[in-house]
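What follows is calculated from the coordinates using simple rules that are stated; it is not laboratory data. Not measured: the values here are computed from a predicted model. Glycine also receives a Cβ, built like all others from the backbone with ideal geometry; neighbour counts cover every protein chain displayed.
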Amino acid sequence: MSAVLDPATPALLRADFSRAEVVDTTALPWVDSPAVGVQRKLIERDGGEAARATSLVRYAPGASFAAHLHPLGEEILVLQGTFADEHGVYPVGTYLKNPPGSRHAPFTEQGCTLLVKLRHMQPDDGERVVIDTHRAPWLTGLVQGLSVKPLSDFAGEHAALVRWAPGTVFTAHRHWGGEEIYVIEGVFEDEHGRYPAGTWMRSPHLSQHAPFSRSGCTIFVKVGHLPEQG
């Protein structure tokens with residue numbers, strides 16, 4: 001979603017990758033983007049007009065965004081509604097990875113809400129990925145009660161949906177290249193806190209935790225994509 005920023009939009013927001021961050025996105029305000037009918041909740045941002053950024057993006061019914069280039073890629077998870085561009089139509093649950101150098105003109109007929117990540121890919125990650133996660137199978141995870149849907153895998157960077165059955169406990173582990181989580185439904189937990197649906201978390205390189213979920217949850221997870229130093 002690349003365009004000239006409003007002067008009130010911060011160029012640096014949670015941009016120190018050496019810090020752990022937890023954000024309740026349900027408490028963030030929606031702010032207008034340069035496109036009529038498109039609003040954003042700014043989660044993290046490092047840069048001005050061309051920023052490495054993570055946002056929730058909401059399109060009103062009939063809204064569109066001008067054609068634009070993604071020099072370092074774009075990653076989208078459709079949380080509500082139906083998203084579209086000239087390449088296809090992407091209903092709720094779709095994971096979309098547009099590689100570095102890709103270009104599109106997005107729009108929606110009925111409206112949609114997206115989790116969007118910009119400019120975080122490696123320059124040579126040239127694969128376009130489109131996955132209907134409602135059709136993709138759940139694979140058995142590393143511990144009882146854990147199920148995984150792999151989404152993207154490139155040079156040590158991985159993205160997946162992970163489903164935790166109630167009462168699931170994972171072993172303590174360290175994150176090489178960091179970890180980022182968005183809680184889609186339920187409540188995710190670890191020894192540091194409790195994270196209900198709508199929580200975004202970023203844990204830096206070599207951070208460690210022992211996660212669990214008493215009530216069950218589904219999360220979007222990225223690992224291995226954060227710098228080794230902040």
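Quick one: compute the contact order of the stretch 107-208, relative version, from alpha carbon pairs under 8 angstrom and 6+ residues apart, as a percent.
Worked out over the stretch 107-208, it gives 17 percent.
Please work out the FRET efficiency for the pair Trp176 and Glu86, using the Cβ-Cβ distance as r and a Förster radius of 41 Å; give the result to the nearest 0.05. Efficiency for this residue pair is about 0.60. When only Cα pairs below 8 angstrom with a gap of at least 6 residues are kept, the chain shows a relative contact order of 18 percent. Applying the criteria of a DSSP loop state and at most 11 other Cβ atoms within 10 Å to the GluC sites (Glu not before Pro) of the stretch 25-116 yields Glu49, Glu86. Within 10 Å of each candidate Cβ there may be at most 11 other Cβ atoms; applying that plus a DSSP loop requirement, which GluC sites (Glu not before Pro) in the stretch 171-230 survive? In loop regions of the stretch 171-230 (DSSP not H, G, I, E or B), the sparsely surrounded GluC sites (Glu not before Pro) are Glu191.
Applying D = kT/(6 pi eta Rh) to the stretch 82-197, where Rh is the Kirkwood radius over alpha-carbon pairs, T corresponds to 25 °C and eta to 0.890 mPa s, the Stokes-Einstein value obtained is 150 µm²/s. Students often forget the sequence filter, so: which lysines lie under 20 Å Cα-Cα from Lys149 once same-chain residues fewer than 8 apart are removed? Within the straight-line cut-off, Lys149 pairs with Lys97, Lys117, Lys222. Return the tail of the calculated pair distribution for the chain, meaning the percent of Cα-Cα pairs more than 23 Å apart. Every Cα pair in the chain considered, those over 23 Å come to 46 percent. Altogether, the Stokes-Einstein calculation at 4 °C and 1.567 mPa s, with the Kirkwood radius of the stretch 33-76 over Cα pairs as Rh, returns a diffusion coefficient of 112 µm²/s.
Model label points for Arg128 and Asp153, set 7 angstrom from Cα along the Cα-to-Cβ axis, are 2.3 nm apart.
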